[in-house]
Every structure is written in structure tokens, then in C-alpha cells.
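First up is the structure itself, then whatever we jot down about it.
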Amino acid sequence: MKIAELFQDSPGKKVLISGNEAFARGIFESGVRFAANYPGTPLSEVGDYLNFLSKNSDGFTFDYSVNEKVALESCIGVSWTGLRSVAMFKHLGLNVAADPLHTFPYSGVDGGMLILCGGDPGILSSTNAQDNRLYSLHTKIPIIEPSTVQECKDFIREGLRLSELYKIPIYVHVTSRLCHSHGIVTLGKINMIENTGTFKKDPDRYINTLNRALSNQTKYFQIVGELAKNKKIFYLFNKVKEWGKKKEIEDISEVGIITSGLCYSYVIQACRKLEIKPPILKLGLIFPINRDEICTFANTYNLKKLLVVEELEPFIETVSKRTFCNYCDSKRDLEIHGKDFLPKIGELTTDIVIRFIMNHYNIEREHLIENIDQKEQILKEILPSLPIREPTFCAGCQYRPVFYSLKKAVEKLSEKKGYEFIYAGDIGCYTLSESYPYQMLDWVVCMGAGIGIANGMAQVVNEHQKLIAFIGDSTLLHTGLQPLINAIKNNTEMTIIIFNNYWTSMTGQQEHAGTPRSLIEVQDSASKREKKEINIIALLENIGLEKENLIVSRAYNIEQLEKVFLNTLPRPGTKVIVINEECALEKKRRQKLYEDQDADLQKEQVYYTILDSCIKCNECIEYLGCPAINIEILEKGENLSDDNIIPKNYKYFINESSCMPNICPGVCKTVCKDNMIKKTLINPNDNKSSKE
Amino acid sequence: MIINLPRNEVRFIGDIYNILITGVGGQGIVLMGNILREYGMRFPLIKNVVGTETRGVSQREGSVLATARYLIDSKIYSLDQNFETEELISPLIPINDAHIVMGLEPLETIRNLRYISERTVVIMNTHRNYPRNVILKSEKTNKYPSIGYIIDILDQIARRTVSMDFNELSEAKFDNAIYSNIILLGVGVKEFREIFNKKLMISVLQDFFGENSINLDAFELGYNLVNF
């Protein structure tokens, strides 16, 4: 769906959108005044849609905050003036924002406020799988979790209402699968946004110190307790599944299921396959849990066994067990099963749920399990023998020449002086330096932990071990400045390479505080304040770094870069090398946009080709590793396997559709010692080509 | 080039219809997922559509996967009247349950063997995209299996496998390999005429690419490629 269509005023229209689009639409429909985000998969796109909306509407403001803590705090500020706000980030972002998260609920909110957090149980694009629901055990913030794309939109509206009803923030829990899945959604009406709010002073409420904090905590816990007892709210978010038109539930086996989120869909699918219709309670409000209603569910269907289907930690299971042990009136034995069978690691699938239910359901469906077993046996034989595809830098990426020349410099220094270099990694595209052919990465923990961990290590390692820390511009401004300042303060022995590519590139080229304003296509409308850019170089010049220890360079000049590294790496103290070069992908996208708008802009076309006389010295493949250079098999045949991939059977070629000749100045041509890569220029005006 | 294949009697198993598209970043897999889901939105017999796609490494030579799942109107196709629209909400295809697998790259097709069973028709592009580590022969890397080996396995497990070098065909006909995915889509649409209405699919493609796009020719080429 085109982004503008997402924000059309057409209530009742049915559209096919993704979970992330549904969140953005929900925020738009609900009259949210302010939203803030630090980009992170799975929720990055929501920010992109809202950024578009912010630039094309007067009432709504969106902010790419420098980090999640600032994003959350900004939203608290908006909410305290009585307006609606939504803070959103990935699950790991909540750790950064955890400080205000534990205190501000004591004061509560005025305008509705949501914290939208995208979890990643399968660790598809994160560094851990932490279960953010557990935060609520001490923050006591209520959690709602949508289970369909339609609910992604509806729960934003309902969540804000709930937040305003009880004057507390609401946490929206979602996993990456749902964010990236598509479904049919019925659009709703758009609520008007109030433009300005007013902050009403109330020291007792907003100043959380000593006795005030204690009394606010008491009030807050009471409110959450009241919410837990509200039957209406329970049935607004939670549903007992009604099977079919007859509304019959076959409870012969006396087994019931409690589940939430996308797991509900796996349960439904499993029940279909097993041809059973057990009573299912789908939780939308998973914290706090209404004890009476949970007991009612078990009593209505006379359950003997309760199966809890959830990903990661046994959150609902623990709460249910506690409920039935301590509070349920009926003293009958109710077995509760969940994580005694289901894995705590990874995403759930329908197949796992089928096995789980089969284990406890008194039915004969052995053929189903046999089929799955049989298939899994085959998969076990075949899959481990397949080569994996390692992600790498994009074709034309400005980081490739940097790592190429760094590797060359490091090899020379190691040989000459016996150094061993240690690479401190951080979160961003430069993490891909771990892959072939560079393999220059020794750890990745979290945002800012590259320089952070190096801070300690550099003070105690042997003399021959030298630390190089990588960090990007967006990560530096996020949580990298503090460890950097700490390193400069101690004049710690390390080289910090800052990859300044002007965008938050790994998550889809979002702007950040350091993005030059001139590169941002659509400026904010005139009514809003003009934004400023943070000059990273000026910042570094003024935090105590010696002049000769701050080196600024461009990316594509390999010779010069190698010299910089050879000179800088052996020097004592904290050195910072800033690589100033825009993200190639973003630059290309913008260039194409300008060309599409203005045909005259089409410059001469450049092509790089590999000559047939190439002797396959492999410098471009083995050391540079640009994915635009690939092999073409000369001898065709169905039985050609990897054994036949020997140099005489293939030739190298440059894939025209992935090469970025207008951005990368031909790094492959520079590294080719035998001059086998040719540059061809075609001028659109005279159609003549010239070769270099 | 026309390939003659016997028409199979088995069509719908259950009233959910599962399509899996797989390949390497840059081959247009996310786009094909969008086209197929949009088609599902418009086809009157399809009551509900869901799907998903892998994200994150799709621009960086990684494995990419997209799904489209249709819930066919049960009044027409299913004996079981009890299941309603809400039933189809899981975007993931269960093990063995794909009806059609559109594999734009052989290695990625065999990697998704999990979804392929005796009810699956596999349409596979035999044009290989070698992972970098295979070319470099890094010690830890497995070998790229031969196409013959991949087809052997698919023949044993799938209902039918249609395999050819769609890149070569696309390059021969349109001077560019990027149309291989739409040619492959054409083959798929012909294969499942019960669910795919050619005219409707063309109108979806027109909305995606414009009325005079080469993609429409590519679709037509694929549609007429295989005779069942």
C-alpha cells in the first residue's frame, strides 16, 4: 500500500496492510498528538510512516529521538499536558528507557499514553530474546497484546482509552512476526487532534521524592488492582473462542487452553488439524489478570487440565498457577501445563503446538505426528549440508573500502610489530565486518558496548594487543558518547573508528540528530520549528581530544585510508578516526529520485566490466568481496556441483543491476592489480562511449 | 518452448490455500508476496488473506521468504461449514502444507523443504546465485548442491516439480533477468486455474506496474509456457 493511502479518511474501507502499517494507522485514527521512536526492527517502519505523516500534517508531531530514554520521556511530557502520546521502540530499547519506566507510573498520565514495544523471540534481527512482559512484574504497567493485524490497529485506540480511564500508561506487547505479517483491516474514523495542552502544576503528584513517592506508589498499585477487577475491561480485551455457528464447545476431554498474541493463531490452526474444539481463552490484556474471570473460565467448562501457550518465559502460566493455587474458590485439582513441554527458546510454530496439545488430549491422531516426525527426519539429513548465506555490505557500500584498507594495514602492522588487533563491535551495518572476507569483529553486545567494553579491556591487556572500536554516527549519539568521553578522560589506549554515514542505515535510513538538514528531502512544514543538526566533528574537537588524535577521512580512497591506519593505529592514547561518507544506498535512492523528477539531470552513464583476459587473482573476490562481482558458470549442465566450481569452469562478471557506478568510484578497479576491470562512459547526448 | 505435463486430480486439501515464495534478496520476493496477497483481496471466492515476509537482510544477499495464505469460501469448497473467517490468522504455513512453492533460486527452494509435501507443486528457477562463502570456499562452508540432487529430492517429496532457468529465458526474451519472477508467476497462475483468474491477475499486475509494462508480457510468456 502506498504510504499516502494509509492516512486517507475513508472509514469502513477494507485494506490489506501489515501489522506495522496497522499500528501507524491506529495512531493516526486515535488523535495522537505526539509519537517518538528510536528505529529498531521490528518496529522501524511504524516510525517511517509516522515521520511521513508528521511532515504532511499540521496537528501531529513525530520525533526520531536520540535514544529510547529520550523518546519515552518526551512522551511522558506530552501526556502530562493532557494530550495523547505513543513511545515506540524494539524490545531492547526498553532497557535503555527502563529508568523513567519504573518511576513515572507513580505519577500516572493525563493524556492517554502507550509504550509500543516489538519483541523478537526468534532473534531474527536482535542480540537477545528478552521477554519484556516480565518488566511489568515490577513496573506494574498493564500489558495488552494484539493477535491479528486488525487488533494491531484497534488496540491502539482501546489502549489509549484504557490509559485515560485509569490515568496510567499502557504497554503494548507485540512480536516481530505480527509486525511483519499482512492481513485485512477495516479502517475506522479519524479523531481530531488537540493542538496544545496545558501542564497543571501538582508537586505531590509529579515530584517523586521520599514520602511523596511512597504515597504515589500506594495510589498507583491501588489503581492497577482496581483495573484487574474490572470485568468489563476483561471482556473488552479477552475473548473466549466460540467454535463455529453452533457455538458448541466440545469439552469432553476437559482440557482448556489459554493463549495470547499470535500464538492464538497457532492454537487455532493446531485445533483445526487435530479436529478438536476445546474451550480457548484468548488474552488481549495479559497483565494484570482478573483472577475471578480466569477461575470462571475453568469452572464453566469444568476443566481438569489447562494448557498455556505462550512464547519465551512462562508469564501467563505463572500468573495462572498463582491464581488457581491461592484464589480459586473451587478446590479441585487443576493441572496447568506450559513450559514443561513448550520451549522457552525461539518462536512457537503450529507444529510444536500440535505436539503439545496431542500430549494432553485424549485423541488418536498419531498419523499427524508421524508425518511431522518423518519430515523432520528428512530435514535433519538435508538442511545441515546446505551452505548458508551470510549477509554482507551492500554493493557499492562505503564501508567496504574502509575494511579492505584496514585489513591491509592491520596485516602489515601485525607482521612488522607483532601486534594482535582486537575489534570492538557495536550495533549497526559495520557489524557485518564479521562476515567473509573481512572477519574483523570480536564482540557485539548492545548499543554503545563496543567502546564501553574496550574502556576496561584496554587498561589491562598485554602491550601487543591493540584495541580498535567501531561505532556508527547514530549509535554514537544514542549511547556511544558516554563511553567515548570516558575513554578520552583516561586517555585509554585505543583507536575508535566512527562510521559517519549521516543516517541510521541498518534499520532503513532514518534521519538522526547528526543528519545534515540539506540531505532531508521533505523539511517540516513552516509552522514547526526549524531543526538543527549536531556536527559530530565539532563535538569531538571540543571534548578534550588532542588535535593530532582526531583524523577525518573520506571512505573511497583506499591508498589514503591505509596510510591513515598505518600512522594512527600504533600511536599511544585515544585516537578517533571519523569516516565521513554518506550511506551509498540512501545516496543512490535520492539520486534516482532527482533523476526521475528531472530528465536533464541524467548524467553520463558509467559501467565497470571485467575483461575476459582476467587471470582470476581473486583480489576483488577474496579481499574486497563486493557482491556486485559474481561468477558465471561457462559449462552448463545439471550435474554441475560445487566440486566443479573450479576457475576453468567460470568467469567473473560485474552485475550491472547491483553495481553502483555513480556512487562508488570503482573500488574494484583500484584493487585490481592487473588492470582487468574497465570503466566505460556513455554520454547520453552523443551516444559515444569512451574507455579508460 | 512448451512443456506438457499430466493434470493432477488432487486440488484442494482443506479450504486454506498456501503459497510460499522464496529466493535471494533483490529477486522481487517481497513484491511477489504483495501481488499475490492483493490478488487474494480481490478474488471473490477468497474470504480472507494473510501472509508474512522475512525482513532485515533482504537487501544484503540474504535468504528471503514470503507467504500468502488464502481462506477459500467454505460454502463452495469445503464440507466443513463451521470455520469462519477468523480461522485463518496465522501468517506462517505449517509443516508440509504449501500448495505451491515459487522458488526463485534452487538453494533457497530446497532450504524450505519443510513446507513441501505430496500436495505441493514446486515451480523452481534453476538459475543459481552462489553464496559468497561458496565462491570463496571458506573452510566452514558447505558445498552448493547440484541441481540434479535438488530436483531428485523435490521429485521424491513434491507432487510435481516444474524447473527451468527463468533467468536465461527472461534475458533471451526481454534482455534483462529481472522479469524471471513474473514469468514464474505466470506458470503458477496457469497451474492453479481454479484459484487464479488470469484476467484478475493481469489487472492486479497493471495496478502494480502500469498498463504497458514489460511485466505483463513476461506474465503472458509464463502463462503460455506450460501445458497441463
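What the table below lists for this structure:
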{"read-out": "Derived scalar couplings ³J(HN,Hα) [the stretch B:204-221; Karplus, 6.51 cos²θ - 1.76 cosθ + 1.60; whole Hz; x for Gly, Pro]", "value": "5, 4, 4, 5, 7, 10, x, 6, 10, 6, 4, 4, 5, 5, 4, 4, 4, 4"}
{"read-out": "B:A98 long-range amide H proximity, modeled H, under 5 Å", "value": "B:S117"}
{"read-out": "Those lysines that a straight Cα-Cα span of less than 23 Å connects to A:K678, excepting residues fewer than 8 apart in one chain", "value": "A:K588, A:K603, A:K616, A:K648, A:K651, A:K669, A:K688, A:K691"}
{"read-out": "Amide H contacts of B:S146 (H built 1.01 Å from N, under 5 Å, at least 5 apart or other chain)", "value": "A:D642"}
{"read-out": "Placed amide H near A:I422: partners under 5 Å, 5+ positions off or other chain", "value": "A:K466, A:L467, A:I468"}
{"read-out": "Degrees between helix A:98-107 axis and first principal axis of chain A (Cα, 0 to 90, nearest 10)", "value": "40 degrees"}
{"read-out": "3J(HN,Hα) from dihedral phi, the stretch A:560-577, Karplus parametrisation 6.51/-1.76/1.60, rounded to Hz, x for glycine, proline", "value": "5, 4, 4, 4, 4, 5, 4, 6, 7, 3, x, 6, x, x, 8, 10, 10, 10"}
{"read-out": "Degrees, to the nearest 10: A:315-326 long Cα axis against longest axis of chain A", "value": "20 degrees"}
{"read-out": "Derived scalar couplings ³J(HN,Hα) [the stretch A:264-281; Karplus, 6.51 cos²θ - 1.76 cosθ + 1.60; whole Hz; x for Gly, Pro]", "value": "4, 5, 5, 5, 4, 5, 5, 4, 4, 5, 7, 6, 10, 10, x, x, 10, 9"}
{"read-out": "Order of A:L379, B:L225, A:L94, A:L283 under a 10 Å beta carbon neighbour criterion, fewest first", "value": "A:L379, B:L225, A:L94, A:L283"}
{"read-out": "A:T318, A:T209, B:T52 arranged by Cβ crowding within 10 Å, fewest neighbours leading", "value": "A:T209, A:T318, B:T52"}
{"read-out": "For chain A, size of Cβ-based charge dipole, Lys and Arg +1, Asp and Glu -1, in debye", "value": "1320 debye"}
{"read-out": "Cα-based helix-to-principal-axis angle, A:210-229 vs chain A, degrees rounded to 10", "value": "70 degrees"}
{"read-out": "Charge dipole (debye, nearest 20) of the stretch B:112-196; +1 at Cβ of Lys and Arg, -1 at Cβ of Asp and Glu", "value": "300 debye"}
{"read-out": "Neighbourhood charge, 12 Å Cβ-Cβ cut-off, centred on A:T495 and excluding it, Lys, Arg +1 and Asp, Glu -1", "value": "+2"}
{"read-out": "Mean-position separation - Cα centroids, the stretch A:58-112 and the stretch A:12-42, in angstrom", "value": "16 Å"}
{"read-out": "Kirkwood-based shape ratio for chain A, expressed as Rg/Rh from alpha carbons", "value": "1.01"}
{"read-out": "Aspartates and glutamates with Cα under 16 Å of A:K2, excluding same-chain neighbours fewer than 8 positions away", "value": "A:E21, A:E45, A:D48, B:E38, B:D207"}
{"read-out": "Relative exposure of A:W80, A:W243, judged by other C-beta atoms within 10 Å (fewest first)", "value": "A:W243, A:W80"}
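Bear in mind these aren't lab numbers, they're just calculated from the coordinates by the rules spelled out. Since the model is a prediction, treat every value here as computed from it, not as a measurement. Glycine gets a Cβ as well: all are built from the backbone with ideal geometry, and neighbour counts include every protein chain shown.
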